[in-house]
Amino acid sequence: MIHPSNLNLNGHKSFGLILTAALMLALCSCGQGAGSVSVVHQNERNNIEEATLVSIDDSLPMLHDASFLEILGDTLIIEDHKSTDWIFHAFDIAKGQYIGSFGPFGGGPSELSNVGGVFINNAEKELYCINGGRNRIVKFDLDKAIPDTTYRPVDVIEMATISDGALRIPYHFNYINDTLLICTVATHHPETRKLETYLGSFNLLTGESSIKDDLTKPTIGRSNHMAVSVSDDLIVVASHDQDYIRFYDLSEKLQRAVTGPNYSEKPVKGIEHFYNVRVAGDKLCAVYLNRPLIGDDKRSDIIIMDLKGNYLKTYRMNDHIWDMVYNESTHRLYVSTDGDPQFGYIQID
């Protein structure tokens, strides 16, 4: 159903209706079940607030740009993947102080290189990552790793990049249980021969990935970003190539889709849209760029929506946002940027 607040009554209603109808037809033809998917077109996102980060830089060691973030309770984990010393750094949000580093860089059996695919098992206070230098997933016990610089990660499983005879590369892992991760999977499309990404899963026991989408009808595109909330029975996939967000339940059934004011049916070459998406309590936060891949424009918007995708407001920043995570106890959105401050937070209303 089209939400009335998402229709511009000053001449764009007909466009929104036509676009919504076309998308509904396309989605229902993809095997998701006719009539089960609601599609909303947002003609404008104009509740904009200039945002300035509250810096935490003075409480951290010197770190490289392009750093990524994870969170475990009140512990912020910073992944400095460019480091040739320690890869991970921990910051105690409650105390407002740096509390230690772990994950030594190197090519040895207990060292890390070409790190990616970081995810956290909150219940067991464990951090996992791909050690690309050895093509393995490794695990850290954070209660031991943060205070003890001699601690080394444990190998979990070797990655299998060939499944069912096809190249499959999983990323954007979201921990569900000790066997199942929900993720996106890059694979070669059988018709276009291009690398496409699909909603899928990864098995921590076998090291193999599988895809949910029909290989002949990719529904995510060449690149995307994902957030998962088990308590809300929610998977959110935001497209890097289009102004387009999809909402699935945990069974990976498509429930609704939201297109924004800059949506086009075919991606515009060289333009990037969503860069990140996170569930933040009862809200959804998405970094939105809408800018060329190459250029001097570093502006980043953080679009705030409810968990059904209804637009609420936009935080606008003048620096490129690399990553963000939500701290539930303080209702803060912690952010890493390429500007000054490099690390800080926004207080979410």
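The values are calculated or read from the model by the stated rules, or taken from the named source; none is laboratory data. Remember, predicted model here, so these are calculated numbers, not experimental data. Ideal geometry is used to build each Cβ from the backbone, glycine not excepted, and the neighbour counts take in all protein chains shown.
Residue count for region 118-161 under the criterion of being part of a strand (DSSP E or B), over 22 Å from the mean Cα position of the chain (by Cα) and farther than 16 Å from Leu205 by Cα: the result is 1. Counting the residues of region 45-66 that are closer than 26 Å to Asn114 by Cα and buried (at least 17 other Cβ atoms within 10 Å of the Cβ) gives 2.
Given the criteria in contact with a strand residue (DSSP E or B) (Cβ under 7 Å, 6 or more places away or on another chain), at pLDDT below 90 and not polar (S, T, N, Q), does Ile211 qualify?
Details: in contact with a strand residue (DSSP E or B) (Cβ under 7 Å, 6 or more places away or on another chain): yes; at pLDDT below 90: yes; not polar (S, T, N, Q): yes.
Spelling it out, Ile211 is indeed in contact with a strand residue (DSSP E or B) (Cβ under 7 Å, 6 or more places away or on another chain), at pLDDT below 90 and not polar (S, T, N, Q).
Of all the numbered requirements in (1) at pLDDT below 95; (2) surrounded by fewer than 20 Cβ atoms within 10 Å (Cβ to Cβ), Gly281 misses one, and that requirement is (1).
With touching a Leu at 6+ places or on another chain (Cβ under 7 Å) and on the phi > 0 side of the Ramachandran plot as the only criterion, which of Gly295, Gly270, Gly281 stands out?
Values: Gly295 fails: touching a Leu at 6+ places or on another chain (Cβ under 7 Å); Gly281 fails: touching a Leu at 6+ places or on another chain (Cβ under 7 Å).
None of the others qualify; the one that does is Gly270.
Would you kindly identify the strands (runs of 3 or more DSSP E) lying entirely within region 253-349 that contain at least 2 residues that are over 17 Å from the mean Cα position of the chain (by Cα)? In region 253-349, the matching strands (runs of 3 or more DSSP E) lie at 254-259, 283-292, 311-317, 343-347.
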